[in-house]
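Here the structure is laid out as structure tokens; the discussion comes afterwards.
Derivation of every value follows stated rules applied to the coordinates shown; laboratory data play no part. It should be emphasised that the depicted structure is a prediction, and the values quoted were computed from it without experimental measurement. Here Cβ is always computed from backbone atoms with ideal geometry, including for glycine, and neighbour counts include all displayed protein chains.
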Amino acid sequence: MVAVTGFLTLALAFLLAVYGLVAAFFALMLKAPVWIKSARIALLLIFPLVSISLVGLLLMLAGQHFELSYVYSVTSREMPLYLRLTALWGGQGGSLLFWSWLVAGFSLFFALRKWRTEADLLPWSLLLVFFTLSFFLMINVFFEMPFERFWLLPDGSRLLSLLPPSGAQLLVPADGQGLNPLLRHPGMIWHPPALYLGFIGFIIPFALAIGSLATGRHAQRWLEIARPWILMTWVFLSLGLVLGMRWAYDILGWGGYWGWDPVEVAALLPWLSATALLHTQILQERRDAFKRWNLVLVIVTFILVIFGAFITRSGVLSSVHTFSGSEIGLPLLIYAAVLTLTSLGLLIYRWRSLSASYEPEFGFNIETLTLFTNLVLLSILLICLLGMVYPLVSELITGTPITVGPAWYKRITGPLFIVLVLLVGVCPLAVWSGTNLIRMKKSLRTVLPLSALPLLAAWFVWGVRQWVVLVALCLVGFGILVMMMDYLRQVAAARHRQTGGLWYSLWAPFRGNLRRNGAALVHLGIILMAIGIIGIEGLQEEAQATLSIGETIDLSGITFRFEELEHSEDEGRLITEARLSISRNRQLIGMLYPRREIYSKMGLAITQPGLKSNLAVDLYAILVDWQPTTPNQAAFQIFYNPLVAWLWIGAGMLTLGVVLALLPVGSWKNRREKRPG
């Protein structure tokens, strides 16, 4: 009954989405507000209907209803409840239902807002929203329905169907296949939802941009409405990428966090274009500049989202991140083609009328630095897109698969990422006027030598001789010092005004300008993340050895001693765990417990590294192999990963900065005004 109800509500939601699409079209053709009202009512009904379907599937997953093919394929009896629930996005059908639910949710909030002077944008925006909803609900209803059940026919054969065939009996397997072991990690609870929120949330800015182009209304209002959506979806996309990095670091067992897998690259592409948009949309709001550029970036970002969905779900690429091949590849390609051609056609049609009234002046200013930042970001985007698409095109033409590996990406994009770090550090200087820069000359003379301290530390402590790493560390130090100097300058100004005590002055920059200082925290978060990236990419040390119990291996002044190898069985897993003691100068400083888990029913094995982490370094050990014939011997791979913790700290700082930038300014001003002078 639950399965049938789930399908029926999903099918009804699809019909309402089609109706809403027709109603929005009539509203445009007939200029009749009644059709807009009808379309909005349809949109209000779609979200609860899809929610009923989603809850139904969650109940089936939690209740271990293995008669459902989807439940059977992604869960098993030994899986805990939280894993059974998160298996919702562990397979194609469930993740697409979750995707449709998020689209419906975003669309609901979009429809509920009050439309006043910008009401002419609403019909075109609704048209695109309903088109997207109709497409993804169609995929769920006709291609990847997660409610099909197993039936046993009278002749002994099996059939997948929602409704019982004539004479068939419901077939309930004793157990399910279970979720892919690689996905049984806490990071997978948060990584896909965060990434989906970042992907799907961009439908609102895209719909508003298309509405602006279609109506010929090029005022700032559409961008003002879209701004919080852009910021919110960007931070979710950033968190999704970082959580995916953490999952790779903890589970894949190769000592790193980013393998330049095609699907990883596909998720990075919209982040790069959205980051570029975040910078130029500020200039349009302030100075009526970059109108064309912002519309191009909005369109490119959403098209890249759909392209990423195609790469992940069509089966054209094989990866730990992809779903198995299905029939949805062609519909996704057609949907992306329709959106691309329509949006580019509108953009070309309106191009002349999009000229900006303000022409930026080239010099040491925000406009110039923003242009350079966009140029670098989009250069990285084009390089990554080429690296992802070239193997597909080459195989299509020549029939020979070609792989573009991490070394290629690092060699070309590495210098560009270093330039980005430089721009992040220089940007606060451009905020100051020329007079302030002259006044700060003495401080800059202090900052420049101090920024070389990380370089000196790397040279003498870690023995680094790679110029790229040394330059990157120097730029990181420069960026942090400039941001600190900018913050202290604002604190000093607050103290000079004598509007409060010391603590009040320390908080004054955030009270006075949330957007600017929230952005500063975002930039600081990016620099902190850069510290972690530099640490693992430039300072990582590695050693491999086959050890007998009692033997040791030294790496970077630290001794790892093989103490014990234990075997156990738990919930269908054969677990082999090693115990390594860690000592420095003969003083015990901790233990590592690397393990290998074999899922005999699935014929799969995963590696879980042993990890000891602090702000300075991660000690990371992998149990590579062991043989039953030599039970007291095992092969290990040991990594010394400096500064990696700052990658995760920087992600938290970045999130905090976006939250502050989204906060309403009025409440902070009111608190300041109520505070006694």
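So here's what we get for this one:
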{"quantity": "Residue among G240, G244 that alone is surrounded by fewer than 23 Cβ atoms within 10 Å (Cβ to Cβ), touching a helix residue (DSSP H, G or I) at 6+ places or on another chain (Cβ under 6 Å) and either part of a loop (DSSP other than H, G, I, E, B) or not hydrophobic (A, V, I, L, M, F, W, C) (or both)", "calculated": "G240"}
{"quantity": "Inter-residue pairs, beta-carbon under 9 Å, first touching a residue at least 24 places away in the same chain (Cβ under 8 Å) and exposed (fewer than 12 other Cβ atoms within 10 Å of the Cβ) and in region 151-171, second among the basic types (K, R) and not in a strand (DSSP E or B), 6+ apart", "calculated": "none"}
{"quantity": "Wholly within region 40-129, helices (runs of 4 or more DSSP H) carrying at least 3 residues that are closer than 25 Å to M232 by Cα and touching a helix residue (DSSP H, G or I) at 6+ places or on another chain (Cβ under 7 Å)", "calculated": "92-112"}
{"quantity": "Residues satisfying the stated conditions in region 237-275, i.e. among the acidic types (D, E) and either under 18 Å from Y409 (Cβ atoms) or without any contact (Cβ under 8 Å) to a residue 24 or more places away in the chain (or both)", "calculated": "D261, E264"}
{"quantity": "Qualifying residue in region 193-204 (condition: surrounded by fewer than 21 Cβ atoms within 10 Å (Cβ to Cβ), free of Cβ contacts under 8 Å to residues at least 12 places away in the same chain and within 23 Å of the chain's Cα centre (by Cα))", "calculated": "no"}
{"quantity": "Selected residue [touching a Lys or Arg at 6+ places or on another chain (Cβ under 8 Å) and closer than 30 Å to V338 by Cα] from L112, L152, L121", "calculated": "L121"}
{"quantity": "Any chance G572 is surrounded by 15 or more Cβ atoms within 10 Å (Cβ to Cβ), in contact with a helix residue (DSSP H, G or I) (Cβ under 8 Å, 6 or more places away or on another chain) and of a type outside the set (A, V, I, L, M, F, W, C)", "calculated": "no"}
{"quantity": "Selection count where residues are charged (D, E, K, R) and either at positive phi or surrounded by 21 or more Cβ atoms within 10 Å (Cβ to Cβ) (or both), scope region 267-291", "calculated": "2"}
